[in-house]
């Protein structure tokens, strides 16, 4: 039914039948009649109301209906105010939810970037650990090589020390042999000079001291060659071929 069309409704109010005409629906008009009957029933339960005349009863009814109206209007205003406050609170909450969603989205993006960086750092850490292990192994190998070389150097030093001792010993032997040869040469020269000075010695006998001197120098030369050959072979500086 359209709102600009009137509606006639037969209602019973306080035991009497009335025809109500209005632009509202018939159900709404019946609801109004029921509300008035409830008021009459409420009044009739009061003993003082039954002693009033009809005008006072109608005035009392009008006062109570007006009171219900204003109370209902006040409650409606309060409800509208509360509804406005609720709507404002809902708008604020929606705005806060949107803001929180934006913050959450930003946090998720930051978390995603942090996870990517963490993954990259983990990969870099694994690579660096592998490189460190490789470098450590190389250093250990170098250390072993240096230790072996140090041992070789120590062995060489011992060998050189032994050879130096051998050379010193050979030098002493050579010095001693040289002194012995010099003494023998002096003795031979002395003897040769003594035999030359004797006139009664025959010509053949005088030749023998020079022969002895020749043999003496020959054997001394042979001794020096043999000694130096042994000395160089012990020191390792040179290899003299054996011609003797």
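The figures follow:
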| quantity | calculated |
| --- | --- |
| Some residue of the stretch 66-81 being surrounded by 12 or more Cβ atoms within 10 Å (Cβ to Cβ), closer than 28 Å to residue 8 by Cβ and either modelled with pLDDT under 90 or in contact with a strand residue (DSSP E or B) (Cβ under 6 Å, 6 or more places away or on another chain) (or both) | yes |
| Any hit, the stretch 5-12, residues being modelled with pLDDT of 90 or more, part of a helix (DSSP H, G or I) and touching a strand residue (DSSP E or B) at 6+ places or on another chain (Cβ under 8 Å) | no |
| Whichever residue in the stretch 1-42 is within 16 Å of residue 65 (Cβ to Cβ) and loosely packed, with under 11 Cβ neighbours inside 10 Å and, among such residues, is nearest to the chain's Cα centre (by Cα) | 38 |
| Yes/no for residue 192 being at pLDDT below 80 and either more than 60 Å from the chain's Cα centre (by Cα) or assigned to a loop (DSSP other than H, G, I, E, B) (or both) | yes |
| Condition met for residue 170 (assigned to a helix (DSSP H, G or I) and touching a residue at least 40 places away in the same chain (Cβ under 8 Å)) | yes |
| Selection from the stretch 43-57 of residues that are surrounded by 12 or more Cβ atoms within 10 Å (Cβ to Cβ) and in a helix (DSSP H, G or I) | 43, 44, 49, 57 |
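The values are calculated or read from the model by the stated rules, or taken from the named source; none is laboratory data. Treat the numbers as computed from the prediction; the structure is a model and nothing was measured. Methodologically, a virtual Cβ is constructed for each residue, glycine included, from the backbone with ideal geometry; neighbour enumeration extends over all protein chains shown.
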